[in-house]
Structures are given as structure tokens and as C-alpha cells.
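Structure record follows, encoded as C-alpha cells.
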Ligand code: DX5
Ligand code: ZN
């Protein structure tokens with residue numbers, strides 16, 4: 001199966017978001033990566049819960065891939081209308097009771113995903129593999145687009161792949177941050193399944209969006 005694409009909407013043309021989403025929908029990408037930030041867990045704010053909810057409207061085939069970089073993320077689930085089809089990533093570092101938060105996501109019919117930042121040991125995820133559909137490996141320090149890759153990201157990705165394979169669980173690996181033209185092929189080889197593509201690839205200056213999406217899929221087949 002080919003790698004799955006999740007363009008990072010915070011890197012899109014923010015003045016024409018509905019058009020951007022319709023374009024992606026027509027291009028057949030699997031996910032729309034929506035970063036939500038509380039300005040506490042990370043020193044930045046992107047979309048509020050109303051925007052996260054409103055992204056659903058123009059989406060026919062794409063699923064929401066909601067990356068919540070916020071403390072106690074469950075407080076936002078109602079306002080975001082988390083439900084069937086959503087992939088929802090919460091940070092291990094931001095929840096007092098991770099199991100309860102993952103269970104809450106599952107109870108809403110959505111797919112739970114545990115996200116870990118670059119300084120969190122990869123084997124932390126072992127405790128959650130029974131409860132998640134995916135693990136989000138941050139390959140930059142969370143909070144901003146356009147950052148360089150965090151140290152040891154590629155080694156961490158291979159380590160995570162081995163942990164998931166050894167667990168025999170059907171858990172996907174998502175990579176988020178500087179998933180660039182130069183790196184996405186190696187990330188695929190090292191076992192990434194879902195690719196958050198932002199300013200370093202599909203929303204870069206090198207290609208129009210349709211050509212960028214086409215090129216990305218050839219690199220992560
Ligand atoms: C970082 C965000 C990512 C990031 C990806 O906190 O989660 O979505 O913007 O885009 P680039 O390619 O700019 O790292
Ligand atoms: Zn993200």
C-alpha cells in the first residue's frame with residue numbers, strides 16, 4: 001500500500017481555505033492535517049475550535065487528521081465535534097491521564113493517536129499500542145512550520161517501526177515536521193505510513209499543488 005498524504009493546512013493559503021480543501025479533495029489525498037495549538041503546550045496559536053469544526057464542511061473524501069498540541073485536549077473535543085472518521089492525535093506530554101483521553105476519542109467513534117515530541121523516548125508508546133490506530137512521531141519540535149528536522153529523527157523512526165512491528169498491532173506511523181522532498185523517501189523506507197506535508201514539500205515554492213501531490217506520491221509509494 002502506498003504512503004498516505006496529510007497536507008498541513010496551517011501551511012496552505014489561509015485566505016482561501018475552502019478552495020484549498022476542495023483542491024486537495026479532488027486530488028485524492030487521504031487526510032487534512034489540522035494543527036490546533038493552545039499557546040501553552042506550544043508557544044503558538046493556529047486555528048480555534050470553530051475553525052477545526054468548520055473544516056468538515058467542504059470535505060467529501062478527505063478525513064480530518066487533527067493534531068492537538070494542547071494540555072488536557074479532551075476539553076476541546078465537543079467544540080471540534082470529534083467523531084467518526086477523524087484521526088485525533090494527543091500529546092503524551094500534555095495529558096494527565098493519557099489512557100482516559102484516548103478512550104474518550106474512541107468513545108466518540110474517532111481513531112485515537114498518541115503523539116510524542118522529539119525529547120520523549122520512543123518506547124514510551126509501548127503502553128498505548130492496544131489503544132491507538134496510529135503513533136504520531138514529531139520530527140520537529142512542535143509548534144511551528146518551516147523548522148529543521150529534530151536530531152536523531154530518522155533513527156527514532158526506525159526504532160518506532162521495530163516497536164510497532166514487534167507488537168504485532170495494526171498501528172500506523174505518522175511523521176510530522178520537515179517531511180521534505182529530500183527526506184520523505186527515506187522516511188518511507190524506514191517505515192512511515194502517513195506523511196504530514198507542509199512548507200518543506202507540498203506547500204513549498206517548487207511546484208503547483210497538483211504537481212507537488214503527484215510528486216509526493218511517487219516518492220512514498
Ligand atoms: C509543526 C506542525 C506541522 C508542520 C509541518 O508543529 O505540526 O504541521 O507545520 O510543516 P513543515 O514541512 O513546515 O515542517
Ligand atoms: Zn502537526
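Give me the three principal axis extents of region 1-149 from the C-alpha atoms, as integers in angstrom, largest value leading.
Principal extents (largest minus smallest coordinate, Cα): 39, 34, 34 Å.
Counting other beta carbons within 10 Å of each residue's own, what order do 155, 131 fall into, fewest first? Before the final figure, lay out the partial values.
Values: 155 11, 131 18.
Ascending number of Cβ neighbours within 10 Å: 155, 131.
Counting each DSSP H run of 4 or more residues in the chain as -39500 (n - 2.57), what helix-only mean residue ellipticity at 222 nm follows after dividing by all residues, to the nearest 500 deg cm²/dmol?
Values: 7 runs with 66 residues, N = 221.
Mean residue ellipticity, 222 nm, calculated: -8500 deg cm²/dmol.
Of the residues 33, 91, 183, which exhibits the maximal mean-square fluctuation in a Gaussian network model of the chain defined by a 10 Å Cα contact cut-off?
Greatest mean-square fluctuation among the candidates belongs to 183.
Distance from the Cα centre of region 135-197 to that of region 31-48, in angstrom?
Answer, in whole Å: 19.
Who wins for biggest fluctuation among 54, 153, 200 in a Gaussian network model of the chain, springs between alpha carbons below 10 Å?
Of the options given, 54 has the highest mean-square fluctuation.
With the calculation restricted to Cα positions, what are the radius of gyration and Dmax of region 126-195 in angstrom?
11.9, 35
Among 219, 4, what is the fewest-to-most ranking by other Cβ atoms within 10 Å? Don't jump to the answer; show the numbers that get you there.
Details: 219 17, 4 20.
Neighbour counts put them in this order, fewest first: 219, 4.
Anyone know which of 168, 95, 11 comes out most mobile in the 10 Å Cα GNM of the chain?
The residue with the greatest mean-square fluctuation here is 168.
We did not get these values from a lab; they are worked out from the coordinates using the rules stated. As the structure is a prediction and not an experimental result, all values here were calculated from the model. Positions of Cβ are generated from backbone atoms using ideal geometry, with glycine treated the same way; all protein chains shown enter the neighbour counts.
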